[in-house]
Amino acid sequence: KEKYTNKQLIKLALKAKENSYSPYSNFAVGAVVLGGSGKVYMGANVENASFPAGCCAERSAIYSAISNGEKVLDKLVIVASGNDIVYPCGICRQVILEHMKNGKIICAKNEIEYEEFSIDDLLPKSFNLKK
């Protein structure tokens with residue numbers, strides 16, 4: 001099982017951001033998920049002219065991990081365009097709750113400036129059928 005530092009995961013998320021398809025918002029987001037197997041899954045936001053048809057980077061990475069057989073997700077790292085740390089949207093928070101109840105979420109500006117959360121920090125008193 002490979003071990004990744006937060007700094008290494010943030011670098012990979014920055015790399016994933018390069019694959020963003022964001023012609024409408026011009027706001028690129030990259031994410032990586034570290035699975036329980038030690039494998040890393042990358043995701044980028046993919047927009048669509050029919051806005052609800054797009055997918056956030058966080059969900060893209062999580063769905064990739066799940067689709068590849070991961071049962072445990074240990075970390076999710078999120079980076080975005082601009083000079084601020086970004087946080088997952090409401091839909092992504094609900095998906096994180098479903099698939100990563102005990103993992104850590106790292107919201108990063110760069111390899112040095114980041115914040116780390118649990119899903120309970122980001123989504124207190126959540127709707128969860130899997131309690």
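Over the chain, DSSP H runs of length four or greater, each weighted -39,500 (n - 2.57), average out per residue to a 222 nm ellipticity of -8000 deg cm²/dmol.
For the range 1-71, averaging the sequence separation of C-alpha pairs within contact (under 8 Å, six or more residues apart) and dividing by the residue count gives a relative contact order of 27 percent. Across all Cα pairs in the range 14-60, the calculated P(r) in 10 Å bins from zero up to the longest distance comes to 30, 49, 17, 4 percent per bin. With protein chains left intact and a 1.4 Å probe, residues in the range 1-102 average 52 Å² of accessible area per residue. With an 8 Å cut-off on Cα pairs and a minimum separation of 6 or more residues, tell me the relative contact order of the chain in percent. With pairs under 8 Å counted, the relative contact order is 21 percent. Which option, (i) 37, 31, 27; (ii) 42, 34, 23; (iii) 68, 31, 22, is the value of Cα extents along the principal axes in Å that was calculated from these coordinates? Derived directly from the coordinates: (i).
For the range 56-118, the relative contact order is 35 percent, taking Cα pairs closer than 8 Å that sit 6 or more residues apart in sequence and dividing their mean separation by the residue count. Once the other residues with Cβ under 11 Å from the Cβ of residue 45 are scored (Lys, Arg +1; Asp, Glu -1), what is the net sum? That sum, taken over residues with Cβ under 11 Å, equals 0.
When a/c reaches 1.5 or more, the comparison of a/b and b/c decides; with that in mind, is the range 76-131 rounded, prolate or oblate per its Cα gyration tensor? In terms of gyration-tensor shape, prolate. Taken about its Cα centre, the chain carries a charge dipole of about 420 debye when Lys and Arg each add +1 at the Cβ and Asp and Glu each add -1 at the Cβ.
Leaving out ligands, DNA and RNA, what percent of the accessible area of the chain is carbon and sulfur, probe 1.4 Å? The nonpolar share, carbon plus sulfur, comes to 52 percent. Which entries of 7/71; 11/125; 39/125; 39/101; 17/125 show an alpha-carbon separation above 28 angstrom in the structure shown? Over 28 Å Cα-Cα: 11/125; 39/125; 17/125.
The values are calculated or read from the model by the stated rules, or taken from the named source; none is laboratory data. What you see is a predicted model; the values in this text were computed from it and never measured. Neighbour counts run over all protein chains shown; Cβ positions are idealised from the backbone, glycine included. Accessible surface areas use protein heavy atoms only, side chains included; no ligands, DNA or RNA. Shrake-Rupley method; radii C 1.70, N 1.55, O 1.52, S 1.80 Å.
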